[in-house]
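*Asks:* Handing you a structure now.
Derivation of every value follows stated rules applied to the coordinates shown; laboratory data play no part. The structure displayed is predicted, hence computed values, not measured ones. With ideal geometry, Cβ positions are generated from the backbone for all residues, glycine too; neighbour counts draw on all protein chains shown.
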DNA sequence: GTAGAAGCTAAAGTGAACTTGAAGTCAAGG
DNA sequence: CCTTGACTTCAAGTTCACTTTAGCTTCTAC
């Protein structure tokens, strides 16, 4: 070997395609951890790359960092996660994606008839009353379509 | 009739299922307009409901308010938009939804093999390298999957 | 042994889509 | 006339997932 496989943050950033600032942010968010040898700079074991891969994939599935953190927390401490561990975590995504796809298909098909008929009526149209966006309380960004955000907690992974 | 069909903001909010504060925000954003008789309070024509229906539907499709505003701007001024006008605006959604669905299906199918094989490797895995999230410049929330955000400008509706 | 690249922290900024709060105005009923 | 509820504006707050900036320190290469 080339003498210890601990990677500096820049290397991880490059390999993972994630900005170093994001990696520090992920650490603060409890998604990843680093060892700090003398000098205080972060060194990551190679396994962080798989962890980051999981994070990235989970984001693509539409999970928030909070949800991802919770999912990662179920990994066994001490030992390096096995293939089976990762598979377990991501098993729920399939279902979630199926739901997302179904929601979009419903939207598309509803659209065809609804727009076709010109109704676009709030009360009657299934398209409008699908994800009741009005009921989403609290401020903040919400541009992820409601149809894709449903059931945020369903045994995450 | 019950004497003039101009609705106060609370009524519109209730009927559309959109908070009054959001309606004021939409006005500021140029999505809707109100008439202001003496007293200065907003009164909306009934047609605003259809306009809001369009806004809501467009949001469900994943458009930003900016894109929606641009789409609405292509409506004819002066006359009330016809069924054909609305249909024209929403024609592009079908394509967009098809694209979104295709992206999610690819994600799901990639997941099946990728998680199945346990690779989850950043470099090799199609799942990871799909929407190059790293390349999305600028700060701000980005939890709408990259695959669903592509091609923001394609002749909106 | 020193230049310069890379890393550090902490705090503030960003963008989208709103909400909330404060302080005042308007409209309808009794 | 007075109360009550709906409405007004304007400014500031909120969430999420980051980035940017400033001012240092550490590591690497020559």
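*Asks:* Based on the alpha-carbon gyration tensor of the stretch A:1-62 and its eigenvalue square roots a ≥ b ≥ c, which shape applies: rounded if a/c is under 1.5, prolate if not and a/b is larger than b/c, or oblate?
*Replies:* Taking the square roots of the gyration eigenvalues as a ≥ b ≥ c, the stretch A:1-62 is prolate.
*Asks:* Using r as the Cβ-Cβ distance of residue A:77 and residue A:14, and R0 as 35 Å, what FRET efficiency do you calculate, to the nearest 0.05? Please report the intermediate quantities before stating the final value.
*Replies:* Details: r = 28 Å, r/R0 = 0.81.
The computed FRET efficiency comes out at 0.80.
*Asks:* From the label point of residue B:15, set 7 Å along Cα to the beta carbon, how far off in nm is each other copy's matching point, shortest first?
*Replies:* Inter-copy label distances (nm, one decimal, shortest first): 6.1.
*Asks:* Using the basic label-point model (7 angstrom from Cα toward the beta carbon), what is the residue A:98 to residue A:25 distance in nanometres?
*Replies:* Once both label points are built, they end up 3.3 nm from each other.
*Asks:* Shortest first and in nm to one decimal, what separations exist between residue A:79 and its copies in the other chains, measuring from label points 7 Å along the Cα-to-beta-carbon line?
*Replies:* When each copy's label point is compared with this one, the spacings are 7.4 nm.
*Asks:* Nm distances between the label at residue B:95 and the same-position labels in the remaining copies, 7 Å along Cα→Cβ, shortest first?
*Replies:* Result for residue B:95, in nm, nearest copy first: 3.7.
*Asks:* Using 0.36 nm times the number of residues separating residue B:109 and residue B:91, minus their current alpha carbon distance, what extension gain do you get?
*Replies:* On the way: separation 18, 0.36 × 18 = 6.48 nm, distance 2.82 nm.
Full-extension gain reported as 3.7 nm.
*Asks:* Could you give the distance between the Cα centres of the stretch B:7-81 and the stretch A:1-70, to the whole Å?
*Replies:* Spelled out, the Cα-based centre of one part sits 44 Å from the other.
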